[in-house]
1. Among the listed residues Y312, Y324, which satisfies the condition of being within 20 Å of the chain's Cα centre (by Cα), closer than 23 Å to Q198 by Cβ and crowded, with 17+ Cβ neighbours inside 10 Å?
2. Being part of a helix (DSSP H, G or I) and more than 11 Å from the chain's Cα centre (by Cα) is the filter here; which residues of the stretch 134-148 pass it?
3. Working only within the stretch 194-222, note down all residues that are part of a helix (DSSP H, G or I) and either surrounded by 22 or more Cβ atoms within 10 Å (Cβ to Cβ) or not β-branched (V, I, T) (or both).
4. Could you list all residues from the stretch 1-34 that are in a loop (DSSP other than H, G, I, E, B) and over 24 Å from K284 (Cβ atoms)?
5. Looking at K249 and the list (1) surrounded by fewer than 16 Cβ atoms within 10 Å (Cβ to Cβ); (2) in a loop (DSSP other than H, G, I, E, B), which single condition is not satisfied?
6. What do you reckon, is T142 among the hydroxyl-bearing types (S, T, Y) and surrounded by 15 or more Cβ atoms within 10 Å (Cβ to Cβ)?
7. When the residues of the stretch 149-184 are narrowed to those that are part of a helix (DSSP H, G or I) and open to solvent by less than 30 Å² (accessible area, probe 1.4 Å), which ends up farthest from T135 (Cα to Cα)?
8. Kindly indicate whether any position in the stretch 110-120 is crowded, with 22+ Cβ neighbours inside 10 Å and of a type in the set (S, T, Y).
Amino acid sequence: MEEKYMLRAIELAKKGIGKVNPNPLVGAVIVKDGKIIGEGYHAKYGELHAERHAFSRLSEDAKGAEMYVTLEPCCHYGKQPPCTEAIIAHGIRKVYVGSDDPNELVAGKGIRALLDAGISVETHVLKKECDALNTVFFHYITTGRPYVVMKYAMSLDGKIACDSGKSKWVTGEKARERVQMRRNELTGIMVGIGTVLQDDPKLTCRIEGGRNPVRIICDSHLKLPMESYIVRTAGEIPTIVATVSADRKKQKALKEKGVRVISCKEKDGHVDLQDLMLYLGNEKIDSILLEGGKTLNGSALRSGIVDRVEVYVAPKIFGGTGKYTAVGGIGAEEPSDAYMLTAPAVEKIGDDFLLSYDVLGQKNRLRKS
């Protein structure tokens with residue numbers, strides 16, 4: 001029975017996708033005498049947390065009821081007051097919790113507050129399923145850096161474009177719809193200047209009611225054309241250009257168009273990606289969809305900022321020289337030097353396949369400083 005109500009709480013939590021970052025996705029269900037008397041979820045950053053949202057929708061008094069919540073209730077003041085106080089005030093007798101909250105402001109203190117108030121607590125109910133809701137949050141709250149998903153689409157022979165450079169479209173419509181969902185889910189989207197110069201992309205979310213991600217352009221030498229779509233729409237869509245260039249005139253021109261230009265540390269003549277991630281994390285950008293070409297993808301892997309790889313494989317063979325590959329750079333000298341991936345998942349989407357992996361064994365992995 002506990003699983004039934006926790007599954008409902010998980011379903012509710014997902015309604016906050018694309019709206020609560022950098023907060024976690026949380027759902028809550030209140031049960032009394034075998035029936036649901038209130039349920040809620042964290043709907044938008046800055047608004048009610050799931051527990052208080054559920055209490056605001058009670059059909060009867062909650063005294064003596066049980067609560068199912070996907071994440072340990074908070075016990076500190078932020079944009080909202082502690083949820084533990086509301087749980088205690090409403091006379092809840094038992095709380096079922098899915099995930100532990102690694103936030104150092106909570107981290108077991110929420111459960112302890114409930115126990116000290118005489119409320120029974122059962123933890124780790126459908127923990128695996130609840131943890132899966134907040135992969136991004138758990139990474140961000142413990143490292144202070146964005147969770148980076150490197151995404152690319154390729155033909156069956158490993159090409160991300162024809163030798164002509166044309167890449168519309170490698171995959172089918174359903175796969176492209178999935179990418180739009182990812183753009184809505186993650187806070188930022190990052191490409192290199194090469195992608196902008198070649199494709200003049202929009203980097204927007206084309207889902208009805210979706211949220212445009214913050215556009216992040218790695219442009220070490222400020223080659224971004226003033227007439228590009230990115231610059232022309234920077235006043236409407238948050239846009240960041242990361243550079244090591246000291247060209248004040250170009251910086252001023254971009255800023256006048258609404259572009260936020262940030263000067264990063266330099267590494268090998270280019271933007272230091274680790275330094276950039278630290279900056280973006282401080283700006284509450286908790287997650288990034290990396291849609292770069294081979295140069296940026298190679299640099300991102302070498303710098304250790306990539307946490308997950310998602311590869312869409314289309315049932316097509318382009319042939320040719322293969323100069324448009326997904327990952328560039330020097331490459332591995334020995335098979336044992338390869339970037340290792342783990343936790344494989346395969347999903348069929350239309351006529352395409354999505355292969356997903358977590359990145360394992362990265363050198364120079366980022367740590368919270």
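The values are calculated or read from the model by the stated rules, or taken from the named source; none is laboratory data. In this text, all values refer to a predicted model and were calculated from it rather than measured experimentally. As a convention, Cβ positions derive from the backbone with ideal geometry for all residues, glycine included, and neighbour counts pool all protein chains shown. Ligands, DNA and RNA are excluded from the accessible area calculation, which covers all protein heavy atoms including side chains. Shrake-Rupley method; radii C 1.70, N 1.55, O 1.52, S 1.80 Å.
1. The unique qualifying residue is Y312.
2. Passing the criteria: I141, T142, T143.
3. G194, V196, L197, Q198, D199
4. M1, D33, G34
5. It fails just one condition, (2).
6. No, not satisfied.
7. Filtering the stretch 149-184 for residues that are part of a helix (DSSP H, G or I) and open to solvent by less than 30 Å² (accessible area, probe 1.4 Å), the one farthest from T135 (Cα to Cα) comes out as A175.
8. No, there is no match, as no residue in the stretch 110-120 is crowded, with 22+ Cβ neighbours inside 10 Å and of a type in the set (S, T, Y).
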